[in-house]
Each structure stands twice: as structure tokens, then as C-alpha cells.
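Asks: Structure below; questions to follow.
Each value in this text was obtained by applying a stated rule to the coordinates, not by laboratory testing. Computed from a predicted model, the values in this text were never measured in an experiment. Please note: Cβ atoms are built from the backbone with ideal geometry, for glycine as well, and neighbour counts cover all protein chains shown.
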Amino acid sequence: MSDQALPAPARPLRLEGALPWVVLAAIGLALPLLDDSYIGVIAQRACIYWVLSAGLNLLVGFAGQLAIGWVPMLTLGAYTTAVLTAGKVMPAWNPYLALLAAGGMGAIFGVIVGLPALRLRTFYFAMTTLGFTTIVTQVALAWTDVTGGGVGTPGPDFPWPFEPGWGFYYFCFLLAALATWITANVAHSRFGRALIAIRDAEVAAEASGIAKPRLLVLVFLLAGALGGVAGGLFASLQSYITPDAFTFEMSVLFFIAILIGGRGSILGPVLGTIILTALPEFAAPLVQWSTFLYAALLLAIVLLIPGGIAELIDFRGRRPLEQHREIAPRPGLLPRVLGAGRTPASMTLHDIRLHFGGVKAIDGVDLDVRGGEVHGLIGPNGSGKTTTLNVISGYYRPTGGEARLNGAPLPFEAPYTRAAHRIARTFQTPRMIGDATVLENVMIGGTIDGQASFAEAMLSLPRSRRDEAALREAALAALAAVGLDGLAEVRADRLQHSELRFMEIARALMLRPAFLLLDEPAAGLSAEEIRRLGALITAISREGVAVLLVEHHADLIFDICDRVTVLNLGKVLAAGTPAEIRAHREVVSAYLGA
Ligand code: ADP
Ligand code: MG
């Protein structure tokens with residue numbers, strides 16, 4: 001194949017994806033034909049639960065936030081709708097308007113409850129959501145004038161065209177479908193990929209310029225709003241609401257439905273929600289056992305199929321891969337990936353120091369990296385190479401010294417700000433999202449180049465679709481350039497170690513970097529793979545990119561580097577051309593060996 005030819009963008013098999021949805025929609029629409037009001041109530045409940053779980057799924061299944069107590073959004077939405085339509089505190093509202101207000105209420109409190117997640121990790125955040133659940137229930141009990149306290153308050157009836165009965169069912173079904181569509185749109189956009197990147201590879205997400213706080217706030221807002229709307233519907237379904245209608249068990253149900261559905265899936269959690277809603281109903285004697293049942297089901301799933309229902313129905317992911325695969329980079333494609341008209345940039349570090357307590361990880365490092373050159377950074381283990389990269393990419397604020405980009409000071413800010421300076425990097429241990437495809441993993445690298453807002457992505461508006469097409473095309477080109485295009489649609493956790501290293505380079509190239517920091521890219525590669533890697537790195541630098549290469553393979557360093565800096569104990573031991581370094585007595589005795 002010629003170097004310029006690109007494979008036709010392989011679209012994921014649309015039919016395979018659409019079929020389950022068509023079946024679900026057909027069943028949902030045809031359900032009233034059964035004319036069984038009992039089934040109708042269960043179906044209403046499943047739809048309502050899913051409206052909440054759809055948003056929660058983005059939080060739990062995609063972003064990996066343990067929001068175990070999300071029921072207060074349901075409670076708030078239910079009371080807001082019920083109280084506003086009852087007209088006890090102010091003139092009665094139209095129920096549909098009240099439902100909108102419930103969504104607004106959920107959005108506000110979704111963000112309030114979500115704020116601790118920006119600082120607290122996993123279980124601590126889970127505890128705050130549980131705390132909030134208790135607070136909301138207690139307020140509902142105590143604020144008798146408005147909520148009716150323990151006696152409760154009547155739920156609203158929605159007027160024409162969605163009157164109680166099957167009319168209301170269609171309303172719930174419609175909103176459930178809408179919630180599915182919106183969250184699927186988010187999931188399939190750069191925002192959805194950013195969420196799973198935050199979940200599985202946070203440092204890689206930051207290096208790609210993804211600002212976690214802003215994105216999470218948007219998702220908490222959406223998940224809260226959907227929870228509030230679900231609450232309004234729930235109030236109508238219950239016809240009378242009291243604080244004890246919102247049990248802890250319900251919280252667990254929503255959470256478990258997502259887990260057994262499978263992380264990072266939409267269809268799986270839909271099925272999980274339907275199953276968990278219907279199961280106790282159809283096994284009437286089991287109702288008292290429902291908590292036990294959920295727990296047993298969860299255990300079974302976690303132990304037997306950790307990927308949940310989504311993994312069970314992922315037939316594509318089980319197709320065998322070719323055993324003897326070869327990574328054949330096509331550097332000729334690089335101009336297409338990196339774009340033309342690059343003005344070579346430069347980065348200077350001056351007297352950078354970073355001390356961890358008493359440990360001087362780096363202690364006065366000077367470094368000068370220029371566009372169009374490969375700059376090697378070598379030294380024994382623990383000499384401060386990775387730490388130097390971490391300072392450049394913003395993970396550590398140095399104790400002293402300064403960095404300049406093209407002569408202007410480079411402030412030491414949060415890691416996600418580095419992508420805007422076109423500083424890209426790979427990691428000593430490859431960071432990937434195992435259950436996303438290779439293509440998706442690479443597309444994450446181009447997140448900051450998207451134009452569409454979160455709202456546009458929610459509704460899949462033209463700008464968002466254009467973003468997706470552009471990211472997809474760029475990622476396919478980047479994959480072809482590093483020689484992995486044949487694996488674009490494969491789950492990343494099925495790749496070999498060496499393939500992951502090239503995948504990380506493709507992800508870094510998506511930034512169209514001015515600076516590329518590579519942390520031991522040849523570790524674990526075969527001799528032939530190292531040779532190809534060397535040619536690829538050289539070709540990247542010839543496009544005007546400044547490459548800073550940390551490596552242990554002396555051959556690779558001396559073959560491809562234009563200049564080399566040697567670190568020892570956090571200090572620069574020597575700097576110069578490969579020939580000078582090879583002849584340097586101290587370097588030879590301290591590091592290269594005689
Ligand atoms: P390498 O050159 O092998 O990449 P590193 O930059 O990872 O070396 O580490 C340099 C030194 O700094 C080592 O002594 C290491 O133990 C220390 N170090 C690195 N990161 C930290 C940290 N977060 N806290 C304390 N010490 C650290
Ligand atoms: Mg290291």
C-alpha cells in the first residue's frame with residue numbers, strides 16, 4: 001500500500017448496534033396492546049427508573065463516580081412537582097411546568113451534591129451522597145407545612161394528552177427514550193470519551209487537556225435534572241408520596257442496575273434497570289427478598305461476568321484476533337496527521353529543582369529542546385527523568401527554577417492546561433481505557449480540538465457531528481501513521497504491550513504537538529519494533545516537532561538523537577551530541593559502563 005493511501009474509515013456495524021434498540025422500542029410501543037394494567041404499572045416504573053438511571057449511568061458507568069445515593073434527586077423532583085401542582089404554597093402550577101421545575105431543582109442539587117466529587121475520591125464521595133439522602137428525607141419529614149410530613153402529599157395527574165393509564169405510560173416511555181437518546185449522544189461524543197478517560201486513565205485525560213472539574217459539573221447537572229424529572233413522574237405514579245417511599249433500597253437498585261448492565265454502556269444498564277424493576281414483581285413471594293436478590297445478582301455478575309450484560313452481548317469483542325501481528329508505521333502519513341505550516345518551537349528549562357521532603361528528585365536541571373530535533377534524556381534509574389517530564393507536563397510544581405516556551409515564561413499550572421501549549425506525552429506505563437476501542441482511545445487525544453459545546457453534543461447537533469467525523473478521521477490517520485490502523489475497532493485491553501506503546505504515540509499525535517515527551521517508549525519492544533519506533537520518532541521530529549525522549553536503550557538514543565542530556569542523582573551530568581556523550585568519561589563510568 002502506498003504511504004499516502006488511507007483505509008476507508010471503518011464505521012462500526014450500525015445494524016448490530018441498532019437492532020436491540022428497535023426491538024426495545026417495538027416492545028415498548030406495543031405494550032398497551034396487552035391491555036394489562038398491572039404490567040402497565042411495572043412498565044411505567046421501569047421507564048421512570050430509567051430516566052433517573054440514564055443520567056446516573058453517565059456518572060457511575062462512564063465517569064466512575066460512586067454516586068450511590070442518587071435517590072434524593074427523585075425525592076426532590078417528586079415533592080417539587082407534587083407541591084407546585086397542589087397549589088398549597090402558591091397558586092397551582094400546570095403539572096407539565098411543575099415537571100420542568102423538578103428538572104431544574106434536580107439540576108441545581110445535582111451540582112451541589114456533585115461538588116465534593118471534585119475533591120473527594122471514591123468512597124468518601126459515596127458517603128457524602130448517602131449523607132445527602134438522609135438530609136433530604138429528614139427535611140421532607142420535618143417540613144410538614146409544605147410536604148405534609150409523614151402523612152404525605154398527593155401526587156399530580158398529568159392532563160391531556162397523557163392522562164393516567166396508558167397515556168401516562170406513553171409519557172414515561174417518551175421521556176425514557178429521550179433520556180436514552182440524550183445520554184447516548186453524550187456517550188458517543190468527545191465528552192463521553194473524556195468521561196471514561198477520567199475514570200480509567202485520569203493522567204492521560206489531563207495530558208490530553210481534559211478539565212475534569214468542568215466536565216463533571218456538567219454531568220452532575222444533567223444527571224440531577226434527569227433525576228428530578230424522574231421524581232415528578234414517580235410522584236404521579238405513586239398518586240400519594242410520603243418520605244418513606246424513597247428507600248435506601250431504591251438507591252441500591254439504581255446503582256446495581258448500572259453495574260450489572262456494564263460500565264460504559266447504555267444498552268446494558270437499560271436492560272439492567274428493566275430486569276431489576278420487573279424481577280421482584282413477577283416473583284411475588286420474592287418481594288420481601290428483593291434486597292437479598294439484588295445483592296446475590298450483583299455478586300454473581302461481579303464474579304462471573306465483570307463486564308456485566310454489555311460484555312455478555314458484545315459479540316464483536318470476542319472475535320479472535322490475528323496471532324502474529326506486525327506494527328508497520330507509515331511515517332509518510334505524518335504530514336497529514338500533524339498538519340502543515342509548523343513553526344519550530346523551543347522549550348528551555350533553567351535550574352529546575354523539585355524536592356520531595358528530603359529527596360532531591362531533580363536538583364538544578366537545565367534543558368533545551370528545539371523543534372525539529374530529538375533530544376535524548378538518559379540516566380540511571382531514579383535519576384529524575386520521569387520527574388522532569390512530570391514538571392514539564394504540569395504534574396509537579398517545581399520548588400525552584402523556570403521554564404520558557406519560545407522565550408515566554410511557561411507558568412506551572414494544572415496538567416490539563418498543557419495541551420493548549422501543544423505539549424503531548426506518553427507514559428512509562430501505558431495509560432489506556434481497556435473497554436474502549438483503540439480508535440476511541442486515540443480520539444481522546446484530540447478532545448480539545450472539538451468545537452461543539454456539551455449542549456450541542458447532548459442533542460447531536462451538526463457541529464457535534466462534524467467534531468466526531470473530524471476526530472475519527474484524524475485518529476484513523478494517526479493510527480495508520482503508527483501502524484495500528486488494522487486494530488482500530490479492537491478493545492484496547494486486547495492489545496499487546498508493544499502495541500499499546502504505539503497507541504499512546506498515536507494519541508499524543510492527535511494534539512498535533514509542538515512538543516512530544518516520550519517516557520521509555522521502547523521498553524518491552526522487540527529489536528525490530530525498536531528500529532521501527534526509532535524511524536517513526538525521527539520522522540515526527542522532521543515534521544518540526546520537538547521530541548524529548550527518555551530511554552534506556554542506548555543504541556536507540558545514540559542512533560536517533562540530535563542531542564543528549566545525561567542526568568544523575570537529579571543533576572545534569574553531561575549534555576552534548578551523541579558522539580560527545582559517548583566519549584564522556586564520567587558518563588561512561590557512571591551509566592554506560594565500560
Ligand atoms: P527516573 O529517572 O527513573 O524516571 P524518577 O524521576 O521517577 O526517576 O525519580 C527520581 C527520584 O525522585 C527517585 O529517587 C524517586 O524515588 C523520587 N520521586 C519521584 N517521584 C516522587 C514522589 N512523588 N515522592 C517522593 N519521591 C519521588
Ligand atoms: Mg522513569
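Asks: Hey, can you grab everything whose amide H is under 5 Å from the amide H of Leu517? Only 5+ residues off in sequence or another chain; H modelled, so Pro and N-termini drop out.
Replies: Ala424, Arg425, Thr426, Leu548
Asks: Which value, in debye to the nearest 20, gives the size of the charge dipole of the chain about its Cα centre, when Lys and Arg are +1 and Asp and Glu are -1 at the Cβ? Before the final figure, lay out the partial values.
Replies: Values: 45 positive and 47 negative charges, 176 e Å.
Around 840 debye, computed over the chain.
Asks: Another one. May I ask you to compute the full-extension gain from Ala420 to Glu202, defined as 0.36 nm times their residue separation minus their alpha-carbon distance, rounded to one decimal in nm?
Replies: The span from Ala420 to Glu202 would gain 76.7 nm if fully extended.
Asks: How long are the semi-axes of the equivalent ellipsoid of the stretch 366-499, defined as square roots of 5 times the Cα gyration tensor eigenvalues? Whole Å, largest first. The partial results should precede the final answer.
Replies: Numbers: eigenvalues 188, 90, 38 Å².
Listed largest to smallest, the semi-axes of the stretch 366-499 are 31, 21, 14 Å.
Asks: Subtract the Cα-Cα distance of Asp449 and Ser526 from 0.36 nm times their separation in residues, and report this length gain in nm to one decimal.
Replies: Details: separation 77, 0.36 × 77 = 27.72 nm, distance 3.42 nm.
Stretched fully, the Asp449-Ser526 segment lengthens by 24.3 nm.
Asks: Quick one: what does P(r) look like for the stretch 277-395 with 5 Å bins over all Cα pairs, in whole %?
Replies: It works out to 2, 7, 9, 9, 7, 7, 7, 9, 9, 10, 8, 6, 5, 3, 1, in whole percents.
Asks: For a distance above 43 Å, tell me the whole-number percent of Cα pairs in the chain that qualify.
Replies: The calculated P(r) of the chain puts 31 percent of pairs beyond 43 Å.
Asks: I'd like the orientation of helix 190-200 relative to the chain: the angle between its Cα long axis and the longest Cα principal axis, in ° from 0 to 90, rounded to 10.
Replies: 80 degrees
Asks: Which is the longest part of the chain that has none of the GluC sites (Glu not before Pro) sitting in a DSSP loop with at most 13 other Cβ atoms within 10 Å?
Replies: 1-321
Asks: I need the semi-axes of the equivalent ellipsoid of the stretch 48-103: take the C-alpha gyration tensor, multiply each eigenvalue by 5, square-root it, list largest first in whole angstrom.
Replies: 28, 10, 7
Asks: Using θ = phi - 60° and the Karplus curve 6.51 cos²θ - 1.76 cosθ + 1.60, what whole-Hz ³J(HN,Hα) does each residue of the stretch 262-274 get, with Gly and Pro shown as x?
Replies: Once θ is set to phi - 60°, the couplings for the stretch 262-274 become x, 5, x, 10, 9, 4, x, x, 4, 5, x, 5, 4 Hz.
Asks: Here's a follow-up. Where does the Debye-calculated log10 I(q)/I(0) of the stretch 170-280 sit at q = 0.10, 0.11, 0.16 Å⁻¹, using only Cα point scatterers of equal weight, no solvent?
Replies: So the normalised log intensities work out to -0.36, -0.44, -0.87.
Asks: Which aspartates and glutamates does Lys385 reach when only Cα atoms under 15 Å apart count, and residues fewer than 8 places away in its own chain are ignored?
Replies: Asp351, Asp363, Asp366, Asp368, Asp519, Glu520, Glu551
Asks: Reported to two decimal places, what Rg/Rh ratio describes the stretch 24-247 when computed on Cα atoms with Rh from the Kirkwood expression? Present the calculation step by step, with values, prior to reporting the outcome.
Replies: Values: Rg = 17.9 Å, Rh = 17.9 Å.
For the stretch 24-247, the value is 1.00.
Asks: For a Förster distance of 35 Å, can you work out the FRET efficiency between the beta-carbons of Ala25 and Glu489, rounded to the nearest 0.05?
Replies: With R0 = 35 Å, the Cβ-Cβ based efficiency is 0.85.
Asks: Next question, about the same structure. Are there cysteines in the chain with no second cysteine's Cβ under 4.7 Å away, and if so, which?
Replies: Cys561
Asks: Taking neighbour Cβ counts within 10 Å as the exposure measure, how do Ser541, Ser453 sort from fewest upward?
Replies: Placing the least packed residue first, the sequence is Ser453, Ser541.
Asks: Can you list the aspartates and glutamates whose alpha carbon is less than 17 Å from that of Lys88, not counting same-chain residues fewer than 8 positions off?
Replies: Partners found: Asp145, Asp157.
Asks: Specify the longest stretch of the chain that does not include any exposed loop site, a site being one of the trypsin sites (Lys or Arg not before Pro) with a non-H, G, I, E, B DSSP assignment and at most 11 other Cβ atoms within 10 Å.
Replies: 122-594
Asks: For the stretch 448-487, count all C-alpha to C-alpha pairs, find those more than 12 Å apart, and express that count as a whole percent of the total.
Replies: Of the Cα pairs, 59 percent sit more than 12 Å apart.
Asks: At 7 Å along the Cα-to-beta-carbon direction for both Ala535 and Glu580, put a label point, then send me their distance in nm to one decimal.
Replies: Placing both labels 7 Å along Cα→Cβ, they lie 3.1 nm apart.
Asks: Sticking with this structure for a sec: Hey, what number do you get for the chain at 222 nm if only DSSP H runs of n ≥ 4 count, each worth -39500 (n - 2.57), divided across all residues, to the nearest 500?
Replies: -16000 deg cm²/dmol
Asks: With an 8 Å cut-off on Cα pairs and a minimum separation of 6 or more residues, tell me the relative contact order of the stretch 24-247 in percent.
Replies: About 42 percent, as a whole number.
Asks: So how tilted is helix 497-509 from the main axis of the chain? Cα-based, degrees 0 to 90, rounded to 10.
Replies: Taking the Cα atoms of the chain, the angle to 497-509 is about 90 degrees.
Asks: Report the full-extension gain for the segment Leu303 to Gln323: residue separation times 0.36 nm, less the Cα-Cα distance, to one decimal in nm.
Replies: Working: separation 20, 0.36 × 20 = 7.20 nm, distance 2.84 nm.
Between Leu303 and Gln323, full extension yields 4.4 nm more.
Asks: What span do the alpha-carbon atoms of the stretch 468-594 cover on each of the three principal axes, reported in whole Å from largest to smallest?
Replies: Here the Cα extents, ordered largest to smallest, are 53, 28, 24 Å.
Asks: For the pair Glu413/Val89, report the inter-label distance in nm, with labels modelled 7 Å from Cα in the Cβ direction.
Replies: The two pseudo-label positions are separated by 4.1 nm.
Asks: Say each of Leu293 and Trp143 gets a label point 7 Å from the Cα, pointing the same way as Cα to Cβ; how far apart are those two points in nm?
Replies: Distance between label points: 3.4 nm.
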